[in-house]
1. Looking at segment 174-183, can you tell me whether even one residue there is out of contact with any Phe, Trp or Tyr (no Cβ under 8 Å at 6 or more places or on another chain) and over 23 Å from Ser382 (Cα atoms)?
2. What number of residues within segment 341-354 satisfy the criterion of being within 9 Å of the chain's Cα centre (by Cα) and surrounded by fewer than 24 Cβ atoms within 10 Å (Cβ to Cβ)?
3. Applying the selection to segment 339-382, what residues are within 19 Å of Cys150 (Cα to Cα) and of a type in the set (Ser, Thr, Tyr)?
4. Arg233 is checked against (1) more than 29 Å from Ile295 (Cα to Cα); (2) under 26 Å from the mean Cα position of the chain (by Cα); (3) touching a residue at least 40 places away in the same chain (Cβ under 8 Å) and fails just one. What number does that condition carry?
5. Collect the residues in segment 224-253 that are within 16 Å of the ligand (Cβ to nearest atom), over 18 Å from Cys150 (Cβ atoms) and crowded, with 19+ Cβ neighbours inside 10 Å, keeping them in residue-number order.
6. Checking Pro162 against (1) surrounded by fewer than 21 Cβ atoms within 10 Å (Cβ to Cβ); (2) within 21 Å of the chain's Cα centre (by Cα), only one condition comes out false. Which one?
7. Kindly indicate the residue of segment 316-334 that is within 16 Å of the ligand (Cβ to nearest atom) and among the small types (Gly, Ala, Ser) and also farthest from Leu181 (Cα to Cα) among those meeting that condition.
8. Could you check Asp374 against (1) within 16 Å of the ligand (Cβ to nearest atom); (2) modelled with pLDDT under 95 and say which number it fails?
Amino acid sequence: MAGALGFAGISETFGKNFTNAIDAHPKLSAPSDLKITDVKCGYIGGSLFVKIYSDQDIYGCGEGVDAIRGTYHMVMGMGRFLKGQSPFAIHKIFEQMRRAGHFGGAQSGMYVAVLSAIETALWDLTGKALGLPVYQLLGGKFRDRIRVYCDTALYRVQFPSPEDFASAATEAIKNWGFNALKFDLDYVSDPDKYDRYNWTASPGEISRMYNQLAAVREAVGPKIDLCVDMHGRYDFPTAQAIAKKVEPLNLTWLEEPVPAENVDAYRRIADETNTPISAGENIYLAYGFRRLLEIGGVDIVMPDLQKCGGLGEGQRIANLANLYYVPFSPHMVASFLGAMACAHVCVTVPNFHLMEWQSYFHTNPMYKEIVTYDEEDWVKDSFIKVSEKPGIGVDINEEAMKKYATPGVPLFE
Ligand SMILES: [Mg+2]
(Lines give C-alpha, C1' and ligand atoms only; values in the text may rest on other atoms or scores of the structure.)
Protein backbone atom coordinates (compact mmCIF):
# COMPACT_ATOMS: atom_id res chain seq x y z
CA MET A 1 0.00 0.00 0.00
CA ALA A 2 2.96 2.29 -0.73
CA GLY A 3 0.81 4.50 -2.90
CA ALA A 4 -1.72 5.13 -0.19
CA LEU A 5 0.97 5.88 2.40
CA GLY A 6 2.70 8.22 -0.04
CA PHE A 7 -0.54 10.11 -0.60
CA ALA A 8 -1.09 10.40 3.16
CA GLY A 9 2.41 11.85 3.51
CA ILE A 10 1.87 14.46 0.82
CA SER A 11 -1.61 15.40 2.02
CA GLU A 12 -0.30 16.64 5.36
CA THR A 13 1.10 19.74 3.72
CA PHE A 14 -0.22 19.74 0.17
CA GLY A 15 -2.78 22.49 -0.38
CA LYS A 16 -2.87 23.41 3.28
CA ASN A 17 -2.87 27.17 2.71
CA PHE A 18 -5.72 26.81 0.28
CA THR A 19 -7.69 24.74 2.80
CA ASN A 20 -6.98 27.30 5.51
CA ALA A 21 -8.20 30.09 3.28
CA ILE A 22 -11.46 28.25 2.58
CA ASP A 23 -11.93 27.50 6.27
CA ALA A 24 -11.31 31.14 7.18
CA HIS A 25 -13.89 32.41 4.69
CA PRO A 26 -17.41 32.53 6.13
CA LYS A 27 -19.36 30.08 4.00
CA LEU A 28 -22.67 30.77 5.64
CA SER A 29 -24.14 34.10 6.53
CA ALA A 30 -26.74 34.37 9.26
CA PRO A 31 -29.91 32.55 8.18
CA SER A 32 -31.76 35.86 8.12
CA ASP A 33 -29.40 37.09 5.37
CA LEU A 34 -30.11 34.14 3.10
CA LYS A 35 -31.01 35.25 -0.42
CA ILE A 36 -32.27 33.38 -3.46
CA THR A 37 -29.81 33.63 -6.36
CA ASP A 38 -31.31 31.44 -9.08
CA VAL A 39 -34.08 29.03 -10.01
CA LYS A 40 -33.60 26.15 -12.47
CA CYS A 41 -35.76 23.24 -13.51
CA GLY A 42 -35.79 19.90 -15.28
CA TYR A 43 -38.45 17.55 -16.62
CA ILE A 44 -38.28 13.78 -16.09
CA GLY A 45 -41.21 11.43 -16.68
CA GLY A 46 -44.41 13.20 -15.65
CA SER A 47 -42.63 15.50 -13.20
CA LEU A 48 -41.24 19.01 -13.09
CA PHE A 49 -38.25 19.26 -10.74
CA VAL A 50 -37.30 22.71 -9.45
CA LYS A 51 -34.10 23.80 -7.68
CA ILE A 52 -33.92 27.13 -5.86
CA TYR A 53 -30.32 28.23 -5.27
CA SER A 54 -29.10 30.61 -2.56
CA ASP A 55 -26.06 32.70 -1.68
CA GLN A 56 -25.07 30.03 0.85
CA ASP A 57 -24.05 26.44 0.10
CA ILE A 58 -27.64 25.21 0.10
CA TYR A 59 -30.50 24.87 -2.36
CA GLY A 60 -34.11 23.76 -2.13
CA CYS A 61 -35.82 21.08 -4.24
CA GLY A 62 -39.47 20.81 -5.24
CA GLU A 63 -41.61 18.78 -7.63
CA GLY A 64 -44.77 19.39 -9.65
CA VAL A 65 -46.82 16.77 -11.52
CA ASP A 66 -49.43 16.27 -14.25
CA ALA A 67 -50.13 19.87 -15.26
CA ILE A 68 -46.48 20.65 -15.97
CA ARG A 69 -45.80 20.18 -19.69
CA GLY A 70 -44.80 23.38 -21.46
CA THR A 71 -44.26 25.27 -18.22
CA TYR A 72 -40.55 26.12 -18.59
CA HIS A 73 -41.07 29.84 -19.16
CA MET A 74 -43.54 29.99 -16.29
CA VAL A 75 -40.86 28.57 -13.96
CA MET A 76 -38.33 31.07 -15.29
CA GLY A 77 -40.79 33.94 -14.77
CA MET A 78 -41.46 32.95 -11.17
CA GLY A 79 -37.69 32.51 -10.73
CA ARG A 80 -37.05 36.11 -11.78
CA PHE A 81 -39.58 37.22 -9.15
CA LEU A 82 -37.78 35.17 -6.47
CA LYS A 83 -34.20 36.29 -7.15
CA GLY A 84 -32.80 38.46 -4.39
CA GLN A 85 -35.57 37.56 -1.94
CA SER A 86 -35.23 35.71 1.34
CA PRO A 87 -36.97 32.32 1.03
CA PHE A 88 -38.30 32.38 4.59
CA ALA A 89 -41.65 34.19 4.13
CA ILE A 90 -43.09 31.19 2.28
CA HIS A 91 -46.80 31.95 2.76
CA LYS A 92 -46.26 35.56 1.71
CA ILE A 93 -44.25 34.62 -1.40
CA PHE A 94 -46.86 32.01 -2.31
CA GLU A 95 -49.69 34.53 -1.98
CA GLN A 96 -47.77 37.19 -3.94
CA MET A 97 -47.16 34.78 -6.81
CA ARG A 98 -50.72 33.46 -6.72
CA ARG A 99 -52.22 36.95 -6.79
CA ALA A 100 -49.81 38.07 -9.51
CA GLY A 101 -51.32 35.40 -11.76
CA HIS A 102 -54.94 36.23 -10.97
CA PHE A 103 -55.72 37.11 -14.60
CA GLY A 104 -53.28 34.55 -15.98
CA GLY A 105 -54.79 31.28 -14.80
CA ALA A 106 -53.59 31.20 -11.18
CA GLN A 107 -56.84 29.53 -10.08
CA SER A 108 -55.86 26.05 -11.32
CA GLY A 109 -53.90 23.93 -13.80
CA MET A 110 -50.33 24.60 -14.88
CA TYR A 111 -49.93 27.83 -12.93
CA VAL A 112 -50.77 26.14 -9.62
CA ALA A 113 -48.72 23.01 -10.42
CA VAL A 114 -45.62 25.18 -11.03
CA LEU A 115 -46.40 27.19 -7.91
CA SER A 116 -46.59 23.88 -6.00
CA ALA A 117 -43.07 22.86 -7.11
CA ILE A 118 -41.61 26.26 -6.23
CA GLU A 119 -43.38 26.50 -2.88
CA THR A 120 -42.12 23.04 -1.94
CA ALA A 121 -38.55 24.04 -2.84
CA LEU A 122 -38.89 27.10 -0.56
CA TRP A 123 -39.79 24.82 2.38
CA ASP A 124 -36.82 22.58 1.59
CA LEU A 125 -34.43 25.54 1.37
CA THR A 126 -35.77 27.10 4.58
CA GLY A 127 -35.49 23.79 6.43
CA LYS A 128 -31.89 23.35 5.31
CA ALA A 129 -31.02 26.93 6.32
CA LEU A 130 -32.49 26.50 9.79
CA GLY A 131 -31.41 22.87 10.27
CA LEU A 132 -35.01 21.66 10.68
CA PRO A 133 -37.11 19.06 8.88
CA VAL A 134 -40.03 20.54 6.95
CA TYR A 135 -42.64 18.95 9.23
CA GLN A 136 -41.19 20.98 12.10
CA LEU A 137 -41.61 24.20 10.13
CA LEU A 138 -45.22 23.15 9.49
CA GLY A 139 -45.94 22.96 13.21
CA GLY A 140 -44.60 19.57 14.28
CA LYS A 141 -45.87 16.04 13.93
CA PHE A 142 -48.73 13.92 15.20
CA ARG A 143 -46.98 10.71 14.11
CA ASP A 144 -43.55 9.49 12.97
CA ARG A 145 -44.69 7.45 10.00
CA ILE A 146 -47.60 7.44 7.61
CA ARG A 147 -49.53 4.58 6.08
CA VAL A 148 -49.53 4.32 2.32
CA TYR A 149 -51.62 2.35 -0.16
CA CYS A 150 -50.10 0.81 -3.24
CA ASP A 151 -51.50 1.70 -6.64
CA THR A 152 -51.21 -1.68 -8.33
CA ALA A 153 -50.91 -0.12 -11.82
CA LEU A 154 -52.96 -2.90 -13.35
CA TYR A 155 -54.04 -0.28 -15.91
CA ARG A 156 -50.90 -1.30 -17.81
CA VAL A 157 -52.62 -4.59 -18.58
CA GLN A 158 -54.90 -4.31 -21.61
CA PHE A 159 -58.00 -5.84 -20.08
CA PRO A 160 -57.30 -7.61 -16.78
CA SER A 161 -59.48 -10.49 -15.63
CA PRO A 162 -60.78 -10.91 -12.07
CA GLU A 163 -57.92 -13.42 -11.62
CA ASP A 164 -55.40 -10.71 -12.69
CA PHE A 165 -56.92 -8.40 -10.08
CA ALA A 166 -56.68 -11.04 -7.36
CA SER A 167 -53.08 -11.98 -8.17
CA ALA A 168 -51.95 -8.31 -8.39
CA ALA A 169 -53.41 -7.86 -4.90
CA THR A 170 -51.81 -10.93 -3.34
CA GLU A 171 -48.44 -10.17 -5.04
CA ALA A 172 -48.37 -6.58 -3.69
CA ILE A 173 -49.07 -7.90 -0.22
CA LYS A 174 -46.60 -10.79 -0.44
CA ASN A 175 -43.71 -9.01 -2.23
CA TRP A 176 -43.89 -5.52 -0.76
CA GLY A 177 -45.88 -5.89 2.45
CA PHE A 178 -48.77 -3.51 1.73
CA ASN A 179 -52.01 -3.63 3.67
CA ALA A 180 -53.86 -1.11 1.50
CA LEU A 181 -54.28 -1.36 -2.29
CA LYS A 182 -55.85 0.58 -5.13
CA PHE A 183 -57.38 -0.66 -8.38
CA ASP A 184 -58.80 1.12 -11.42
CA LEU A 185 -62.15 0.19 -12.92
CA ASP A 186 -62.18 2.24 -16.13
CA TYR A 187 -61.20 0.17 -19.16
CA VAL A 188 -61.99 1.56 -22.60
CA SER A 189 -61.02 -1.85 -23.97
CA ASP A 190 -64.00 -3.53 -22.26
CA PRO A 191 -65.84 -5.42 -25.06
CA ASP A 192 -69.12 -4.69 -23.26
CA LYS A 193 -68.60 -0.94 -23.75
CA TYR A 194 -71.19 0.16 -26.33
CA ASP A 195 -69.92 3.66 -26.93
CA ARG A 196 -66.43 4.96 -26.41
CA TYR A 197 -67.64 8.52 -25.86
CA ASN A 198 -70.68 8.38 -23.67
CA TRP A 199 -70.06 7.81 -20.00
CA THR A 200 -72.72 5.20 -19.31
CA ALA A 201 -71.44 1.78 -18.30
CA SER A 202 -73.39 -1.13 -19.76
CA PRO A 203 -74.77 -3.90 -17.51
CA GLY A 204 -71.86 -6.05 -18.73
CA GLU A 205 -69.33 -3.41 -17.68
CA ILE A 206 -70.93 -2.99 -14.26
CA SER A 207 -70.91 -6.72 -13.73
CA ARG A 208 -67.22 -6.88 -14.86
CA MET A 209 -66.28 -4.13 -12.38
CA TYR A 210 -68.02 -5.92 -9.54
CA ASN A 211 -66.41 -9.27 -10.40
CA GLN A 212 -62.91 -7.75 -10.51
CA LEU A 213 -63.31 -6.19 -7.07
CA ALA A 214 -65.05 -9.21 -5.58
CA ALA A 215 -62.10 -11.36 -6.71
CA VAL A 216 -59.72 -9.03 -4.85
CA ARG A 217 -61.80 -9.00 -1.68
CA GLU A 218 -62.08 -12.78 -1.79
CA ALA A 219 -58.29 -13.13 -2.26
CA VAL A 220 -57.15 -10.65 0.42
CA GLY A 221 -59.80 -11.10 3.11
CA PRO A 222 -61.60 -8.44 5.13
CA LYS A 223 -58.63 -6.65 6.72
CA ILE A 224 -56.96 -5.13 3.64
CA ASP A 225 -57.97 -1.59 2.62
CA LEU A 226 -59.40 -1.78 -0.89
CA CYS A 227 -59.49 1.57 -2.72
CA VAL A 228 -61.04 1.93 -6.17
CA ASP A 229 -60.63 4.62 -8.84
CA MET A 230 -62.98 5.40 -11.75
CA HIS A 231 -60.95 8.44 -12.95
CA GLY A 232 -64.05 10.59 -13.50
CA ARG A 233 -64.88 8.62 -16.65
CA TYR A 234 -68.52 7.72 -15.91
CA ASP A 235 -71.86 9.47 -15.61
CA PHE A 236 -74.27 9.95 -12.75
CA PRO A 237 -76.43 6.78 -13.15
CA THR A 238 -73.29 4.63 -13.54
CA ALA A 239 -71.76 6.15 -10.41
CA GLN A 240 -74.99 5.50 -8.50
CA ALA A 241 -75.19 1.91 -9.73
CA ILE A 242 -71.56 1.03 -8.96
CA ALA A 243 -71.47 2.72 -5.55
CA LYS A 244 -74.56 0.69 -4.51
CA LYS A 245 -73.46 -2.59 -6.05
CA VAL A 246 -70.04 -2.65 -4.34
CA GLU A 247 -71.40 -1.84 -0.87
CA PRO A 248 -71.00 -5.46 0.36
CA LEU A 249 -67.29 -5.36 -0.59
CA ASN A 250 -66.56 -2.78 2.10
CA LEU A 251 -64.38 -0.48 -0.01
CA THR A 252 -62.18 2.10 1.70
CA TRP A 253 -63.33 4.49 -1.03
CA LEU A 254 -64.73 4.86 -4.52
CA GLU A 255 -62.67 7.60 -6.18
CA GLU A 256 -63.92 10.05 -8.83
CA PRO A 257 -66.98 8.07 -9.96
CA VAL A 258 -67.88 11.18 -12.01
CA PRO A 259 -65.67 14.15 -13.05
CA ALA A 260 -64.91 16.42 -10.12
CA GLU A 261 -66.35 19.66 -11.49
CA ASN A 262 -69.97 19.23 -10.35
CA VAL A 263 -69.93 19.13 -6.57
CA ASP A 264 -73.73 18.84 -6.32
CA ALA A 265 -73.61 15.57 -8.25
CA TYR A 266 -71.01 14.36 -5.75
CA ARG A 267 -73.24 15.21 -2.84
CA ARG A 268 -76.14 13.22 -4.34
CA ILE A 269 -73.94 10.17 -4.97
CA ALA A 270 -72.40 10.37 -1.48
CA ASP A 271 -75.85 10.74 0.11
CA GLU A 272 -77.24 7.65 -1.59
CA THR A 273 -74.58 5.07 -0.76
CA ASN A 274 -72.68 3.60 2.16
CA THR A 275 -69.57 3.34 -0.03
CA PRO A 276 -67.26 6.24 0.92
CA ILE A 277 -66.86 8.64 -2.03
CA SER A 278 -63.59 10.50 -2.63
CA ALA A 279 -62.14 13.08 -5.04
CA GLY A 280 -59.54 15.82 -5.14
CA GLU A 281 -56.60 15.11 -7.45
CA ASN A 282 -58.09 17.42 -10.08
CA ILE A 283 -59.10 20.15 -7.67
CA TYR A 284 -56.80 23.10 -7.02
CA LEU A 285 -56.11 25.26 -3.98
CA ALA A 286 -58.13 25.27 -0.74
CA TYR A 287 -60.68 27.44 -2.58
CA GLY A 288 -61.40 24.49 -4.85
CA PHE A 289 -62.27 22.24 -1.90
CA ARG A 290 -64.41 24.73 0.04
CA ARG A 291 -67.84 24.11 -1.47
CA LEU A 292 -67.24 20.39 -1.99
CA LEU A 293 -66.65 20.03 1.75
CA GLU A 294 -69.35 22.49 2.77
CA ILE A 295 -72.13 20.48 1.08
CA GLY A 296 -70.78 17.05 2.05
CA GLY A 297 -69.80 16.12 -1.53
CA VAL A 298 -67.08 13.71 -0.48
CA ASP A 299 -66.34 11.45 2.47
CA ILE A 300 -62.55 11.67 1.87
CA VAL A 301 -60.43 14.45 0.26
CA MET A 302 -57.42 13.59 -1.85
CA PRO A 303 -55.55 16.68 -3.09
CA ASP A 304 -52.28 16.13 -4.94
CA LEU A 305 -49.68 18.23 -3.12
CA GLN A 306 -47.44 18.45 -6.20
CA LYS A 307 -50.33 20.04 -8.05
CA CYS A 308 -52.90 21.65 -5.71
CA GLY A 309 -50.64 24.45 -4.44
CA GLY A 310 -47.85 22.79 -2.47
CA LEU A 311 -47.21 21.87 1.14
CA GLY A 312 -48.73 24.89 2.91
CA GLU A 313 -51.85 24.68 0.73
CA GLY A 314 -52.02 20.91 1.31
CA GLN A 315 -51.99 21.51 5.04
CA ARG A 316 -54.71 24.17 4.69
CA ILE A 317 -56.89 21.73 2.71
CA ALA A 318 -56.36 19.01 5.34
CA ASN A 319 -57.28 21.40 8.13
CA LEU A 320 -60.34 22.62 6.22
CA ALA A 321 -61.45 18.99 5.73
CA ASN A 322 -60.90 18.36 9.42
CA LEU A 323 -63.59 20.93 10.23
CA TYR A 324 -66.05 18.60 8.48
CA TYR A 325 -64.57 15.42 10.07
CA VAL A 326 -63.37 14.39 6.61
CA PRO A 327 -60.16 12.32 6.31
CA PHE A 328 -57.20 13.55 4.25
CA SER A 329 -55.76 10.94 1.83
CA PRO A 330 -53.46 12.73 -0.62
CA HIS A 331 -53.05 11.59 -4.21
CA MET A 332 -49.37 11.07 -5.08
CA VAL A 333 -47.86 10.31 -8.49
CA ALA A 334 -44.47 11.97 -8.00
CA SER A 335 -40.92 10.70 -7.43
CA PHE A 336 -39.74 9.89 -3.91
CA LEU A 337 -38.88 13.58 -3.51
CA GLY A 338 -42.57 14.45 -3.89
CA ALA A 339 -43.63 11.45 -1.80
CA MET A 340 -41.43 12.53 1.12
CA ALA A 341 -42.51 16.20 0.74
CA CYS A 342 -46.11 15.01 1.00
CA ALA A 343 -45.24 12.83 4.01
CA HIS A 344 -43.99 15.94 5.86
CA VAL A 345 -47.51 17.41 5.56
CA CYS A 346 -49.25 14.11 6.39
CA VAL A 347 -47.51 13.85 9.77
CA THR A 348 -48.61 17.39 10.73
CA VAL A 349 -52.40 17.01 10.43
CA PRO A 350 -54.71 15.05 12.73
CA ASN A 351 -57.01 13.74 9.99
CA PHE A 352 -54.35 12.07 7.82
CA HIS A 353 -55.72 8.73 6.63
CA LEU A 354 -53.73 7.12 3.77
CA MET A 355 -51.22 8.41 1.20
CA GLU A 356 -50.86 7.04 -2.29
CA TRP A 357 -47.74 5.02 -3.14
CA GLN A 358 -46.81 3.78 -6.58
CA SER A 359 -45.70 0.29 -7.58
CA TYR A 360 -43.25 1.94 -10.01
CA PHE A 361 -40.98 2.63 -7.04
CA HIS A 362 -40.48 -1.16 -6.91
CA THR A 363 -40.51 -1.98 -10.61
CA ASN A 364 -38.84 0.96 -12.43
CA PRO A 365 -35.14 1.44 -11.50
CA MET A 366 -35.25 5.09 -12.64
CA TYR A 367 -37.02 6.08 -9.43
CA LYS A 368 -34.17 4.86 -7.21
CA GLU A 369 -31.61 6.66 -9.38
CA ILE A 370 -33.05 10.14 -9.89
CA VAL A 371 -33.11 11.01 -6.18
CA THR A 372 -30.78 10.37 -3.28
CA TYR A 373 -31.96 9.31 0.14
CA ASP A 374 -29.78 7.97 2.93
CA GLU A 375 -32.06 5.18 4.15
CA GLU A 376 -32.32 1.83 2.43
CA ASP A 377 -36.02 1.19 3.01
CA TRP A 378 -38.34 3.70 1.41
CA VAL A 379 -41.43 1.86 2.56
CA LYS A 380 -41.88 -0.93 5.09
CA ASP A 381 -45.05 -2.79 6.03
CA SER A 382 -47.17 -0.16 4.25
CA PHE A 383 -45.59 2.74 6.17
CA ILE A 384 -43.07 5.40 5.25
CA LYS A 385 -41.11 7.12 7.96
CA VAL A 386 -40.83 10.88 7.69
CA SER A 387 -37.23 12.10 7.28
CA GLU A 388 -35.56 13.79 10.24
CA LYS A 389 -32.97 15.54 8.05
CA PRO A 390 -33.12 19.32 7.50
CA GLY A 391 -35.54 20.20 4.71
CA ILE A 392 -37.40 17.40 2.92
CA GLY A 393 -34.51 14.97 3.36
CA VAL A 394 -34.50 13.73 -0.25
CA ASP A 395 -32.23 15.28 -2.90
CA ILE A 396 -32.36 15.49 -6.69
CA ASN A 397 -29.63 13.48 -8.47
CA GLU A 398 -28.96 15.57 -11.58
CA GLU A 399 -26.33 13.20 -12.98
CA ALA A 400 -28.74 10.26 -12.87
CA MET A 401 -31.51 12.39 -14.38
CA LYS A 402 -29.35 13.00 -17.48
CA LYS A 403 -29.76 9.32 -18.36
CA TYR A 404 -33.53 9.72 -18.52
CA ALA A 405 -33.71 13.22 -20.00
CA THR A 406 -35.65 13.84 -23.20
CA PRO A 407 -33.50 15.63 -25.84
CA GLY A 408 -34.56 19.23 -26.24
CA VAL A 409 -36.36 19.32 -22.88
CA PRO A 410 -34.66 21.51 -20.22
CA LEU A 411 -32.68 19.80 -17.46
CA PHE A 412 -31.25 22.33 -14.99
CA GLU A 413 -29.61 24.44 -17.69
MG1 LIG B 1 -57.39 9.03 -9.06
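1. no
2. 0
3. If the condition is that a residue be within 19 Å of Cys150 (Cα to Cα) and of a type in the set (Ser, Thr, Tyr), then Ser359, Tyr360, Thr363, Tyr367, Ser382 are the ones that fit.
4. (1)
5. Met230, Tyr234, Ala239, Ile242, Ala243
6. (2)
7. Step by step, filter segment 316-334, then rank; the result is Ala334.
8. Condition (1) is where Asp374 drops out.
The values are calculated or read from the model by the stated rules, or taken from the named source; none is laboratory data. On a predicted model such as this, the values are computed, not experimentally measured, just so you know. Using ideal geometry, Cβ is built from the backbone for each residue, glycine included, and neighbour counts are taken over all protein chains shown.
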